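Student: Supplied in structure tokens, the structure appears directly below.
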Amino acid sequence: MNRVAAEVLDYYDKEVSNMIHEKYGYSHLKAIELFVTSETHEMLEDLDCGLTVFGAPGIFELWEAERITGDPRNSAYIREE
């Protein structure tokens, strides 16, 4: 697996966990834990998946799709709807 650069992951970790915190009211620590332990984050880490083209709002939407349906691939960003 080709890994995304640490600086890029750090950016997404901060941005997406902040979005989780703001929308769902989790503490910052819980929000980062929820994100970094998700399948969405695992896919984000894999450079070959190409998720960094979506930006932080797109990654957040994938994370929400995963939380709701159990699979981030159910996101409109992945399905291209």
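Student: If I ask for residues that are in contact (Cβ under 8 Å) with a residue 40 or more places away in the chain, open to solvent by 60 Å² or more (accessible area, probe 1.4 Å) and of a type outside the set (D, E), which ones from segment 35-48 would you list?
Tutor: Across segment 35-48, the qualifying residue is only L47.
Quick grid of which residues meet (1) out of contact with any strand residue (DSSP E or B) (no Cβ under 6 Å at 6 or more places or on another chain); (2) surrounded by 17 or more Cβ atoms within 10 Å (Cβ to Cβ); (3) not aliphatic (A, V, I, L, M):
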residue: M1; (1), (2), (3): no, no, no
residue: H21; (1), (2), (3): yes, yes, yes
residue: G25; (1), (2), (3): yes, no, yes
residue: E33; (1), (2), (3): yes, no, yes
residue: G50; (1), (2), (3): yes, no, yes
residue: E61; (1), (2), (3): yes, yes, yes
residue: G70; (1), (2), (3): yes, no, yes
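The values are calculated or read from the model by the stated rules, or taken from the named source; none is laboratory data. Remember, predicted model here, so these are calculated numbers, not experimental data. Note that each Cβ is placed from the backbone with ideal geometry, even for glycine, and that neighbours are counted across all protein chains shown. Please note that ligands, DNA and RNA were not included when accessible areas were found on the heavy atoms of the full protein model with its side chains. Shrake-Rupley method; radii C 1.70, N 1.55, O 1.52, S 1.80 Å.
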